[in-house]
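The block underneath contains the structure these notes are about, expressed in structure tokens.
Throughout, read-outs are computed from the coordinates displayed, never taken from laboratory work. Keep in mind the model is a prediction, meaning the values are calculated, not measured. Methodologically, a virtual Cβ is constructed for each residue, glycine included, from the backbone with ideal geometry; neighbour enumeration extends over all protein chains shown.
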Amino acid sequence: MFLSVFDMFKIGIGPSSSHTMGPMVAAARFLDRLRRSAFQPRGLSAQLYGSLSFTGVGHATDRAVILGLAGFRPETFDAEAAEMALAEIKASKHVTPEGLGRLAFDPERDIVFDYGDPLPGHANGMILRATDAEGDVLVQETYYSVGGGFVLTEAELKAGAATDEGKPVPYPFKSATEMLQMCKSTGLSIAALKRANEETRMTREELDLGLASIWSTMSACIDRGLAAEGILPGGLKVKRRAAGIHRKLLEERGKNLTAPHVINDWISIYAMAVNEENAAGGQVVTAPTNGAAGVVPATIRYWLDHVPGASERQAGDFLLTAAAIAGLVKYNASISGAECGCQAEVGSASAMAAAGLAAVLGGTPEQIENAAEIALEHHLGMTCDPVKGLVQVPCIERNGLGAIKAVSAASLALRGDGTHFVPLDSAIETMRQTGADMSEKYKETALGGLAVNVPNC
């Protein structure tokens, strides 16, 4: 199995990797297919199913589809250009993607939210169609947004094409048990195993530059979130809090009156800053998803700013270790809230962050695996129940607590020798089973939990 660190950490836009980034990617893929086809389409349409329909408006899925069919992509997203394009499309009822000419597309008519049963492949399904001048379908494709910005066609999903099966890697571990055995037999760290695998696809310089870019983007997102104030979009009127709490923490620190437990507030605001930016549709890094994007950056910032001896030179090892854990979770269970609830998003992110922190604090592979297991185990059963379908309540605070759990899990693991009762593989399998048993009401549909017990207007 090979999932790149850059599959798990993708630069994109908020508020959701599965509901915003994924549909935009799917639309871009559909345009690429049309460019390769012999047809000359005259119109486009989209039908959204399952979770993409139930919480699509709150997650800006319709907006993402419109912009995706106009040629926008998450990795090169320009917010100002996007707003201009949206206004033009809504007025003209056409899109003009490069190489395909002027195509009829009325968002009010041509994006259909289907509130019936989800498509059979995944809770996040969508069908894109290209039509001729008479409205007859020329090309149709089914896409599934399977979490973390990953998108598969129906055929790819059936074939199991969720991972890169290209050039063989030297350390193809598919479980934590295999990973630990490889570390023991080679004497390499988890980060070193992951680095060796990555370098079959790119040079060491390219890998290091890419890792530096990921952390730089994460750090910049924290800084923007700590500076921004106001009300988040979507109708809940949720107030940004990270900036105000940050100011108070700085004032308290200057007076030397800070209680030890206040470090948890620092960790929380780093995560909240990211997820407030995500909720506002800003640039974030999937880690492993947008809804859980604050946990890993917050843990890294905590380590760099509050732990003596921390150095950005080790940030790459943090990210590589975290990506190794994320790959195991995605391969053996899920990172999708629509598939397994928030245990698959914030739970996975907390396990990733705990492993990364244990690694840069000098943990052995066994201690690192223990840290990931502790963090994941204590998120098992967590539902995904966003109020009004927005990635705001309880998602923003939940990232802060996920980061706090990650730090605690790493610290506990480092106090031991790596031996523990529950293996990480067992925790991952339990998460998968729990997700399968979980009611659809609690899997990003906004039909249960807080979403129906909190007034949202």
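Okay, here's what the table says:
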| read-out | value |
| --- | --- |
| Within segment 17-159: Cβ-based charge dipole about Cα centre, in debye rounded to nearest 20 (Lys, Arg +1; Asp, Glu -1) | 220 debye |
| Expected 222 nm ellipticity per residue - DSSP helices of 4 or more, -39500 (n - 2.57), all of the chain, to 500 | -15500 deg cm²/dmol |
| Approximate spin-label separation Phe421-Asp117, in nm, with each point projected 7 Å along Cα-to-Cβ | 4.2 nm |
| Mean Cβ neighbour count within 10 Å, used as a protection proxy, ranking 346-357, 47-58, 298-309 highest first | 346-357, 47-58, 298-309 |
| Of Lys10/Lys255; Lys158/Lys184; Lys10/Lys174; Lys10/Lys388; Lys93/Lys330, those spanning more than 30 Å from alpha-carbon to alpha-carbon | Lys10/Lys255; Lys158/Lys184; Lys93/Lys330 |
| Residue order, fewest to most beta carbons within 10 Å, for Cys183, Cys340 | Cys183, Cys340 |
| Whether segment 208-290 is rounded, prolate or oblate, judged on the alpha carbon gyration tensor where a/c under 1.5 counts as rounded | oblate |
| Spacing of the two label points (7 Å from each Cα toward its C-beta) at Leu380 and Arg313, in nm | 4.1 nm |
| HN-Hα J in Hz across segment 345-360 - Karplus 6.51, -1.76, 1.60, θ = phi - 60°, x for Gly and Pro | 9, 5, x, 5, 4, 5, 5, 4, 5, 4, 5, x, 5, 4, 5, 6 |
| Tensor-based shape of segment 1-48 (alpha-carbon gyration tensor, a/c under 1.5 rounded, otherwise prolate or oblate) | oblate |
| Prolate/oblate/rounded label for segment 17-159 (Cα gyration tensor, a/c 1.5) | rounded |
| Mean Cβ neighbour count within 10 Å, used as a protection proxy, ranking 30-39, 321-330, 2-11 highest first | 321-330, 2-11, 30-39 |
| Using a Förster distance of 30 Å, the FRET efficiency for Lys441-Glu251 (Cβ separation, nearest 0.05) | 0.10 |
| Burial ordering of Ile190, Ile245, fewest other beta-carbon atoms within 10 Å first | Ile245, Ile190 |
| The chain: relative contact order as a whole-number percent, Cα under 8 Å and 6+ apart | 18 percent |
| Segment 302-405: radius of gyration over Cα atoms, expressed as a fraction of 2.2 N^0.38 Å | 1.10 |
| Projected label distance in nm at Ala133 and Lys174, using a 7 Å step from Cα toward the beta-carbon | 5.3 nm |
| Student exercise, the chain dipole from Lys, Arg, Asp, Glu Cβ charges, in Debye to nearest 20 | 600 debye |
